[in-house]
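Student: I am attaching a structure below and will ask some questions about it afterwards.
The values are calculated or read from the model by the stated rules, or taken from the named source; none is laboratory data. Just so we're clear, the structure is a prediction, and the values are computed from it rather than from any experiment. Because the Cβ atoms are built from the backbone with ideal geometry, glycine has one as well, and the counts that use them run over all protein chains shown.
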Amino acid sequence: GAVVSQHPSRVICKSGTSVKIECRSLDFQATTMFWYRQFPKQSLMLMATSNEGSKATYEQGVEKDKFLINHASLTLSTLTVTSAHPEDSSFYICSALGPEHYEQYFGPGTRLTVT
Amino acid sequence: DAKTTQPTSMDCAEGRAANLPCNHSTISGNEYVYWYRQIHSQGPQYIIHGLKNNETNEMASLIITEDRKSSTLILPHATLRDTAVYYCIVRVRAAGNKLTFGGGTRVLVKP
């Protein structure tokens, strides 16, 4: 149980374009999801907390207009990287709060490469 | 959340027990110790958590010192598939509470 999926697993896009990453909780409802970014050889950095039906809460230093988060249903949150630049190339990982709201379950990650 | 300190890396032999230490000297009374691991290019995987008692599940054992200032994750029989970065995190087990990842320990299991 408590499976989280992400789509796509990897994406390559041109500089200046936007790309959307989906995070789904497959067998449970998640009122809260989290988005992380991870650069090579570094740890995960929390970008934002996504709550179903309300605006996301962004961590300090994360541009909300660049990283658009939508949590329109209890099983789906999306992260859109707008006007992507090469420095946005990273591994993006989502997690969802489990059924008891205490534990986080992670997706497999999405590798974004901006050329 | 309390800060944790872990060795940057460690090697262990396949089939032997791997003991991963974590220091969390400023842990508060209501903070739990969590362990996650991340295999290369995958999302983190939950391993185990505990408050003050030792815990065991099918993946690992967690030994927490009596003063709770440090803990050890034990992988009883390490396999090559256990090669990963292991993160020790302390946090209040409250609804919606964030996880803060430190540097973790890069564990390499060698044949």
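Student: Hey, among A:Lys64, A:Lys55, which residue is touching a strand residue (DSSP E or B) at 6+ places or on another chain (Cβ under 8 Å) and of a type in the set (D, E, K, R)? Break it down stepwise before answering.
Tutor: On the way: A:Lys55 fails: touching a strand residue (DSSP E or B) at 6+ places or on another chain (Cβ under 8 Å).
Within the list A:Lys64, A:Lys55, the selection yields A:Lys64.
Student: Among the residues of region A:22-50, which ones are facing chain B (nearest Cβ under 8 Å) and either assigned to a loop (DSSP other than H, G, I, E, B) or polar (S, T, N, Q) (or both)?
Tutor: Across region A:22-50, the qualifying residues are A:Thr32, A:Ser43, A:Leu44, A:Thr49.
Student: Moving on. Out of the residues in region A:73-115 that are closer than 16 Å to B:Gln38 by Cβ and among the polar types (S, T, N, Q), which is surrounded by the most Cβ atoms within 10 Å (Cβ to Cβ)?
Tutor: Of everything passing the filter in region A:73-115, A:Ser95 is surrounded by the most Cβ atoms within 10 Å (Cβ to Cβ).
Student: Here is a further query. Among the listed residues B:Asn53, B:Asn97, B:Asn57, which satisfies the condition of being exposed (fewer than 13 other Cβ atoms within 10 Å of the Cβ), under 19 Å from A:Glu103 (Cβ atoms) and within 14 Å of another protein chain (Cβ to nearest Cβ)?
Tutor: None of the others qualify; the one that does is B:Asn57.
Student: I need the strands (runs of 3 or more DSSP E) fully contained in region A:57-115, keeping only those with at least 2 residues that are away from chain B (no Cβ under 14 Å).
Tutor: A:67-73, A:76-81
Student: Name the residue that is farthest from A:Phe39 (Cα to Cα), counting only residues in region B:13-35 that are touching a residue at least 60 places away in the same chain (Cβ under 8 Å) and among the hydroxyl-bearing types (Ser, Thr, Tyr).
Tutor: Out of the qualifying residues, it is B:Ser28.
Student: Ok, one more. Name every residue in region A:4-21 that is assigned to a loop (DSSP other than H, G, I, E, B) and within 15 Å of the chain's Cα centre (by Cα), in order of residue number.
Tutor: A:Pro8, A:Ser9, A:Ser18
Student: Okay, moving on. Looking at (1) touching a residue at least 24 places away in the same chain (Cβ under 8 Å); (2) among the aliphatic types (A, V, I, L, M); (3) out of contact with any Leu (no Cβ under 9 Å at 6 or more places or on another chain), which is the only condition A:Ala72 fails?
Tutor: Tallying (1) touching a residue at least 24 places away in the same chain (Cβ under 8 Å); (2) among the aliphatic types (A, V, I, L, M); (3) out of contact with any Leu (no Cβ under 9 Å at 6 or more places or on another chain), A:Ala72 fails exactly one: (1).
Student: Let me ask something else about it. Quick one: is B:Thr79 over 22 Å from A:Pro108 (Cβ atoms) and modelled with pLDDT of 95 or more?
Tutor: Values: over 22 Å from A:Pro108 (Cβ atoms): no; modelled with pLDDT of 95 or more: yes.
In short, no.
Student: Next question, about the same structure. Just to check your reading of the model, which residue among B:Pro21, B:Pro44 is surrounded by 14 or more Cβ atoms within 10 Å (Cβ to Cβ), under 26 Å from A:Gly109 (Cα atoms) and out of contact with any helix residue (DSSP H, G or I) (no Cβ under 9 Å at 6 or more places or on another chain)?
Tutor: Selected residue: B:Pro44, the only one of B:Pro21, B:Pro44 that is surrounded by 14 or more Cβ atoms within 10 Å (Cβ to Cβ), under 26 Å from A:Gly109 (Cα atoms) and out of contact with any helix residue (DSSP H, G or I) (no Cβ under 9 Å at 6 or more places or on another chain).
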